[in-house]
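Since the structure comes first, as C-alpha cells, the remarks are kept for the end.
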Amino acid sequence: MSNTFVVIMAGGSGTRFWPFSRTEKPKQFLDVLGIGQSLLQMTFDRFKEITDAANIYIVTNSKYKSLVTNQLPEMKFEPVPQVQTNVALIASPQTIEKVVLANGDELEDKYFKLYRNLMRLKKADTYSYAQYWQPIDLALQSAKKVYISPDGVFNQISINSLQTNEGQYALDKREYVNIMSLRNLSEISTSANKSQKTAMLIGNPQYGSADIEPLPGTGKEIVAISIAVF
C-alpha cells in the first residue's frame, strides 16, 4: 500500500450546492448525509483503506486551511504558490476554441465583490462585462444562441445582466441558455431532432353538465386557425 498515492481535490467554493454550501464553508466540509462526518472526512477514510494516511494529499485553497486541519488534524499543511486561471471552452459543430481568463483570483474576489455590491445597490455596472465576458463574447462572434454550463464564480454571475461597452446588455446580442453539463446539450439536440412540429387545437368542449354554458364560438375559432395555419 505504500506505493499508492492519493490526491483529494477540496478547494472548490461549492457553488453548485448553494445555498446549503457557502464560500466560507463549501460542501466538502459539510455533513451532508447527517452522519457526523463531512464529505472530505468520508473520502479521506475511504482512501485510508487502500493506502497509508501519509500518502494522501489534499489540495485546497489557503482560506480553507483551518477547516481542513480541524477536520483532519493528522494532515500537515504546506502552502504552495498559486495563480488561478479560468478557462472557457467554446464548442461548435466545426471547432472547439479555448478562451483563457488569467486573472482568476481577481474574478473570484475583487471583481465579484464589486459585481455583487453594484447589484445589491442597483447601480449601473460598467466593469463586470469587460472582466468576465468580453473575451468570451468576442470568441462567440455571430452566434445567436449559446448554451452555457458555468462553473465557479460564473455560477454566481448573471450573464444576461452584464452591460457591454455600447450600453447594451449581453442578452441584447444573443440568447443564452443555462445547462448543467454538456450531457444536457446532447439531450437537447436529440429532443430537437425527434420533435414533430404539431399542435392540438381544442374548441367547443362538451362539459357534460347543463350548468356550464357551451362555448360554440371557440369551435369557429379552431376552424379559422386551422385554415390559417395548416
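Any read-out appearing in this document is the output of simple, stated calculations on the displayed coordinates, not a laboratory observation. As the structure is a prediction and not an experimental result, all values here were calculated from the model. Counting neighbours? That spans all protein chains shown, and the Cβs are built from the backbone with ideal geometry, glycine included.
Quick notes on this one:
- Protection proxy ranking, highest mean first, for peptides 3-12, 207-216: 3-12, 207-216, where packing is the per-residue count of other beta-carbon atoms within 10 Å, averaged.
- Restricting attention to the chain, close to 50% of DSSP beta bridges with both partner residues there are antiparallel.
- Per-residue Karplus couplings for region 93-98, computed as 6.51 cos²θ - 1.76 cosθ + 1.60 with θ equal to phi - 60°, are listed in order as x, 9, 9, 10, 10, 10 Hz, Gly and Pro entered as x.
- If only the Cβ of Lys and Arg carry +1 and only the Cβ of Asp and Glu carry -1, the dipole of the chain around its Cα centre is close to 220 debye.
- A crude spin-label estimate for the pair Gln41 and Asn165, with each label 7 Å from Cα along the Cβ direction, gives 5.2 nm.
- Within the chain, helix-based [θ] at 222 nm, where runs of 4 or more DSSP H residues each add -39,500 (n - 2.57), nearest 500: -9000 deg cm²/dmol
- All C-alpha pair distances within region 6-71, sorted into 10 Å bins from zero, spread as 21, 54, 23, 2 percent across the bins.
- Local electrostatic count at Leu107 - Lys and Arg +1, Asp and Glu -1, tallied over other residues with Cβ under 13 Å: -2
- Of the trypsin sites (Lys or Arg not before Pro) in region 77-186, the ones in a loop by DSSP (not H, G, I, E or B) with at most 10 other beta carbons within 10 Å are Lys122, Lys123, Lys144.
- By average C-beta atoms within 10 angstrom, highest first, the peptides 24-37, 152-165: 152-165, 24-37
- Once backbone amide H atoms are built at 1.01 Å from N, Ile8 has Tyr57, Ile58, Val59 as its partners under 5 Å, excluding neighbours fewer than 5 places away on the same chain.
- Of the complete DSSP H runs in the chain, those spanning 15 angstrom or more by Cα along the long axis with a mean Kyte-Doolittle score not below -0.5 are 216-229.
- Sorting the Cα pairs of region 68-161 by distance into bins of 5 Å, from 0 upward, gives 2, 10, 20, 19, 14, 13, 8, 7, 5, 2, 0 percent per bin.
- Out-of-range pairs (alpha-carbon distance over 21 Å; input Lys110/Lys144; Lys25/Lys110; Lys63/Lys98; Lys25/Lys98; Lys63/Lys113): Lys110/Lys144; Lys63/Lys98; Lys25/Lys98
- Convex hull volume per residue, computed on the Cα atoms of the chain, equals 290 Å³.
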